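Asks: I am attaching a structure below and will ask some questions about it afterwards.
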Amino acid sequence: MTSRDEILNLFRTCPDPYISGQKISHLLNISRAAVWKQVKVLRESGFEIEAKHSLGYRLLAAPDLLLAVDIENGLNSRLIGQTVVAFTDTDSTNVQARQLAEAGAIEGTVVVADRQSAGRGRLGRRWESPSGVNLYCSILLHPQIPVQQAPQLTFLSAVAVAETLEKVCHLSVEVKWPNDILVNGAKISGLLNEMNAETDQIHFVILGVGVNLNMLEEQFPEAINYPATSVLLETGKPVDRLMFLRTFLRCLDQYYAEFLQEGFTPIRQRWESYCDMINRQVRVDQGSRSLSGTVIGLDPEGALRLQLDNGKVERILAGDVIPVTEKKDQE
Ligand code: BTN
């Protein structure tokens, strides 16, 4: 933790409203001049800090920043978010998480960024990542599961994002196979999970999560080829990014623990409950070939089960699923 983060930590945890420069200097083992310098840095980053003669410093307001100390503090998760690495600006949190994993970072390490200059989407696409408005994070996992089960983790993160959007933003959410979260038919979140493995052993998995929170209409790229939205556009209200992220990490932590203990079934059932395409006639575009049929659900490994018009059930491992009819009522 930097001295700046340690001072913030003291402001957040100290039971008294004011904390003296002398006390901070003593607790952090830094000079009074260094305390003053860090307070100045905090003010320059947008923190409102009152300084009162004989009482000390008091934190009045904090900007909407995602700081490691604020994410970690009192998170009370079992595994996820025990260590947080926060960037103001980075290329891609997935790239940074991979580097940390290769350097031996612990399971549950979270990488978050205020802005990404090379945010990555599925199929080599770009993920628009302007500063200060959205959530861009990657979570490092070391699951001891067979390699072929790794795709199941995408559904785990999808369920955690969907539940957080419902809980924190009161939105009605839908999941789209394999890795999209939609609100009113428009994409609000995308997931990019990457794995490092040998034939029979997973070294690590990175769950990359992007959620459009406070993004404005004009911040979406013009050339985007699917309808996209943000929480702000849907509800008219800005979301507290820190609160959203902390709720998401706790939710993911719980579901990951459940997944390790009970396997994929509970996650699969939850994901299916958010999936509007079950029982619907769809077209699956797989580059050179296109299939049509009715979506039945997920198989135990996370492949999409599609009943073709001739009755045969096909396992879909990749492709874009496009609905062609309205939802049928379940019998
Ligand atoms: C998609 O729907 O195409 C996946 C988008 C995933 C975006 C997130 S943002 C955080 C993480 N870092 C990246 O570079 N990509 C993922």
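Asks: Conditions first: (1) under 30 Å from residue 109 (Cβ atoms); (2) touching a helix residue (DSSP H, G or I) at 6+ places or on another chain (Cβ under 9 Å); (3) open to solvent by less than 20 Å² (accessible area, probe 1.4 Å). Residue 247 passes all but one, so which condition is the exception?
Replies: Condition not satisfied by residue 247: (3).
Asks: Consider residue 101 carefully, then state whether it is of a type in the set (A, V, I, L, M, F, W, C), assigned to a loop (DSSP other than H, G, I, E, B) and either within 12 Å of the ligand (Cβ to nearest atom) or open to solvent by less than 50 Å² (accessible area, probe 1.4 Å) (or both).
Replies: No, not satisfied.
Asks: Something else now. Sort through 202, 188 and tell me the only one that's open to solvent by less than 10 Å² (accessible area, probe 1.4 Å) and either among the small types (Gly, Ala, Ser) or outside any loop (DSSP other than H, G, I, E, B) (or both).
Replies: 188
Asks: Pairs under 6 Å by beta carbon, first residue in a helix (DSSP H, G or I) in region 225-238, partner open to solvent by 70 Å² or more (accessible area, probe 1.4 Å), six or more apart or different chains?
Replies: Matching pairs, first to second residue: 232/238.
Asks: Let me ask something else about it. For region 109-125, which residues satisfy the criterion of being free of Cβ contacts under 8 Å to residues at least 60 places away in the same chain, surrounded by 13 or more Cβ atoms within 10 Å (Cβ to Cβ) and either of a type in the set (Gly, Ala, Ser) or outside any loop (DSSP other than H, G, I, E, B) (or both)?
Replies: Selection gives 111, 113, 114, 115, 116.
Asks: While we're here: Is there a residue being in a helix (DSSP H, G or I) and basic (Lys, Arg) anywhere in region 15-27?
Replies: yes
Asks: Can you name the residue in region 205-224 that is more than 14 Å from the ligand (Cβ to nearest atom) and in a loop (DSSP other than H, G, I, E, B) and, of all such residues, is most open to solvent (accessible area, probe 1.4 Å)?
Replies: Across region 205-224, the extreme among qualifying residues is 222.
Asks: Could you check residue 140 against (1) within 16 Å of the ligand (Cβ to nearest atom); (2) over 13 Å from the mean Cα position of the chain (by Cα) and say which number it fails?
Replies: (2)
Asks: What pairs can you find where one residue is in region 42-65 and open to solvent by 40 Å² or more (accessible area, probe 1.4 Å), the other is assigned to a strand (DSSP E or B) and among the aromatic types (Phe, Trp, Tyr), and their Cβ atoms are less than 6 Å apart, with a gap of 6+ or different chains?
Replies: Qualifying pairs under 6 Å: 51/57.
Asks: Looking at this structure, is residue 132 open to solvent by less than 60 Å² (accessible area, probe 1.4 Å), small (Gly, Ala, Ser), touching a residue at least 12 places away in the same chain (Cβ under 8 Å) and within 11 Å of the ligand (Cβ to nearest atom)?
Replies: no
So that you can scan it fast, the table gives a plain yes or no per residue for (1) assigned by TED's automatic domain parsing to the domain that holds residue 205; (2) of a type in the set (Phe, Trp, Tyr); (3) within 13 Å of the ligand (Cβ to nearest atom):
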position: 43; (1), (2), (3): no, no, no
position: 55; (1), (2), (3): no, no, no
position: 106; (1), (2), (3): yes, no, no
position: 113; (1), (2), (3): yes, no, yes
position: 116; (1), (2), (3): yes, no, yes
position: 119; (1), (2), (3): yes, no, yes
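Residue by residue, here is whether (1) under 30 Å from residue 63 (Cα atoms); (2) open to solvent by less than 60 Å² (accessible area, probe 1.4 Å) holds:
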| position | (1), (2) |
| --- | --- |
| 235 | yes, yes |
| 241 | yes, yes |
| 269 | no, no |
| 285 | no, yes |
| 289 | no, no |
| 295 | no, yes |
| 299 | no, yes |
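The values are calculated or read from the model by the stated rules, or taken from the named source; none is laboratory data. No experiment lies behind these values; they were computed from the predicted model shown. Every residue, glycine as well, gets a Cβ built from its backbone with ideal geometry; the counts of neighbours run over all protein chains shown. Side chains included, ligands, DNA and RNA excluded: accessible areas come from the protein's heavy atoms. Shrake-Rupley method; radii C 1.70, N 1.55, O 1.52, S 1.80 Å.
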